[in-house]
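Asker: Handing you a structure now.
Values quoted throughout were computed directly from the atomic coordinates according to the rules given, and no laboratory measurement underlies them. These numbers were taken from a predicted model, which means no experiment stands behind them. Virtual Cβ from ideal backbone geometry, glycine too; neighbours counted across all protein chains shown.
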Amino acid sequence: MTAVAPTVDSGQKVEAKPEKRKGTGAWARRAPLLPALLFTIVVTQIPFILTVVYSFQSWNLVRPGSQHFVGFGNYVDVFADSQFRGAMLNTVVLTVVCVLVALLLGLGLALLLDRKFLGRGVVRTLLITPFLILPAAGALLWKTTMFDPTYGLLNFVFGGETDWLSEFPLGSVMAQVVWQWTPFMMLLILAGLQSQPKDVLEAAQVDGAGRWRTFASITLPHLSRYLQLSVLLGAIYIVNSFDAIFLMTQGGPGTASTNLPYYIYQRAFQGFDIGQSSAMGVIVVILTLIVATFALRLMFRAFDVSKGVVK
């Protein structure tokens with residue numbers, strides 16, 4: 001038997017389906033983002049590349065003709081600088097203490113605001129207010145109204161004429177930073193509290209679990225991802241604190257309250273040492289990336305990024 005090939009009627013038009021170009025669709029979706037990407041590259045990456053280049057040079061603006069290549073000499077000098085190590089220690093202490101204290105205070109305030117009571121909206125607005133104030137305005141407010149040795153509220157309440165900014169410079173800065181960032185922690189934790197399934201809490205209450213048992217066994221595990229996010233974002237912002245130190249203590253007395261951002265500012269804009277200040281900036285960026293990498297790994301364990309859902 002011979003196979004007969006099917007015939008196509010000449011009157012019928014066979015339309016060829018155009019192949020979908022995946023690349024065109026992808027570029028069409030990404031094209032609106034290109035201006036923002038180019039702006040980000042120009043504003044962030046190009047200055048960082050120039051900073052890396054300057055970090056390998058010895059260059060002081062007050063000495064014309066001093067610019068020359070020194071390799072890793074600036075990095076060696078930076079790590080041998082005792083003031084840099086002291087500023088790094090102050091940065092670590094300031095960040096750890098402020099994040100932990102603000103986290104605990106935010107957790108306590110969030111637990112209070114999660115309950116229904118008369119005037120809760122007004123109280124919530126008042127507690128959020130410190131986060132809405134500009135950091136510079138908040139620093140000046142605490143310097144003049146709280147820590148002033150003559151007219152400050154602290155001396156009015158506790159008595160005496162203690163110069164808080166001179167005797168407790170780092171502690172004074174910590175108090176202002178905690179006051180500034182506690183509402184931020186409170187909002188994140190409050191969002192986690194309000195996302196709890198109510199049926200689980202009701203089931204625990206029916207089973208006879210007390211408030212502390214319910215909080216420790218149900219609420220706290222549910223808040224773990226929100227607490228981790230609060231620590232991560234709070235540390236990123238607080239480690240770059242500059243306004244409070246610049247306006248309240250100027251890094252003093254001596255270098256008692258100097259952190260890395262303020263010390264880099266001193267070397268760059270007061271000492272005009274472009275080479276070493278650039279090396280300090282590169283070191284700070286590298287250390288921040290290392291810490292952020294470990295922190296993000298912890299976050300990815302709580303948030304299933306690959307599947308797009310939260311565990």
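Asker: For Leu126 and Gln67, what does the FRET efficiency come to when R0 = 45 Å and r is the distance between their Cβ atoms, rounded to the nearest 0.05?
Answerer: It comes out at approximately 0.25.
Asker: Can you give the Rg to Rh ratio for the chain, taking only C-alpha atoms and Rh from Kirkwood?
Answerer: Over the Cα atoms of the chain, Rg/Rh equals 1.17.
Asker: Continuing with this model, one more query. On a 0 to 90 degree scale, rounded to 10, what angle separates helix 46-55 from the longest Cα axis of the chain?
Answerer: Once rounded, the angle reads 50 degrees.
Asker: Can you tell which of Trp27, Thr144, Val42 lies farthest toward the positive end of the dipole of the chain, using +1 and -1 charges on the Cβ of basic and acidic side chains (Lys, Arg; Asp, Glu)?
Answerer: Trp27
Asker: A further question on this structure: Label Phe39 and Ser195 with points 7 Å out from Cα along Cα→Cβ: what is the distance between them in nm?
Answerer: With each label point 7 Å from Cα toward Cβ, the separation is 2.9 nm.
Asker: Further, regarding this structure: To the nearest 10 degrees, how steeply does helix 120-132 sit against the main Cα axis of the chain, on a 0 to 90 scale?
Answerer: Once rounded, the angle reads 80 degrees.
Asker: Order the peptides 260-268, 61-69 from the highest to the lowest mean number of other Cβ atoms within 10 Å of their residues.
Answerer: 260-268, 61-69
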